[in-house]
Amino acid sequence: MKDLPQTFRYEQNDLAAAGIDSWPDLRDLSDATLSRLVRTGRSSARNLHRLRGMAVLVCDLELAPQDAALLMHAGIASASALAACTPERLVRQTGRLERSLGSGRRAVVDLTIAQHWIRRARQLTN
């Protein structure tokens, strides 16, 4: 969890101070623990919940953190939401997000990748 975006710097510091330094540790945090981190540190509840959602995607679907972040920001925040997608919809949603960010790079998610992720999510949710 060392390469989190700068927007999560407070969360990264608070998680490290609490001894949470891996995606599985973050995934397994309870709501009570997240609330305590918000009360005692500089973390925001929104960012901690977002990071925990990313951790679920990273751990359960074996996605790279940047792919999990892309899915979260595209509105696909769980394995069940991903399993309910069609490959075309997933490519459209992630492509729309990348275009709105104006990165100018080639789309990360193509139909082959989308099918692979969806297949993995469906196996997990069944």
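The values are calculated or read from the model by the stated rules, or taken from the named source; none is laboratory data. Predicted, not measured: the structure shown is a model, and the values here were computed from it. Cβ: placed from backbone, ideal geometry, glycine included. Neighbour counts: every protein chain shown. Note: areas computed on protein heavy atoms with side chains; ligands, DNA, RNA excluded. Shrake-Rupley method; radii C 1.70, N 1.55, O 1.52, S 1.80 Å.
Some observations on this one:
- Using the Cβ-Cβ distance between residue 44 and residue 81 with R0 set to 22 Å, the FRET efficiency from 1/(1 + (r/R0)^6) comes to roughly 0.45.
- Here r is the Cβ-Cβ distance between residue 113 and residue 22 and R0 is 30 Å; the resulting FRET efficiency, rounded to 0.05, is 0.75.
- Hypothetical label at residue 9: residues of the stretch 43-87 whose amide nitrogen lies under 17 Å (7 Å Cα-Cβ projection): 43-44, 47-48
- Entry note, the chain: the mean residue ellipticity at 222 nm calculated from DSSP H runs of n ≥ 4, each adding -39500 (n - 2.57), is -20000 deg cm²/dmol after division by the residues and rounding to the nearest 500.
- Degrees separating the helix 111-125 axis from the principal Cα axis of the chain, which is the longest one: 60 degrees
- Heavy-atom accessible surface of the stretch 44-126: percent carbon and sulfur, 1.4 Å: 51 percent
- Label-point separation, residue 99 to residue 33 (7 Å along Cα→Cβ), nm: 4.1 nm
- Rounded to two decimals, the Cα radius of gyration of the chain over 2.2 N^0.38 Å is 1.10.
- The C-alpha atoms of the chain define a longest principal axis, and helix 45-61 lies at about 50 degrees to it.
- Diffusion coefficient, µm² s⁻¹, Stokes-Einstein with Kirkwood Rh over alpha-carbon pairs of the stretch 76-122 at 10 °C and 1.306 mPa s: 147 µm²/s
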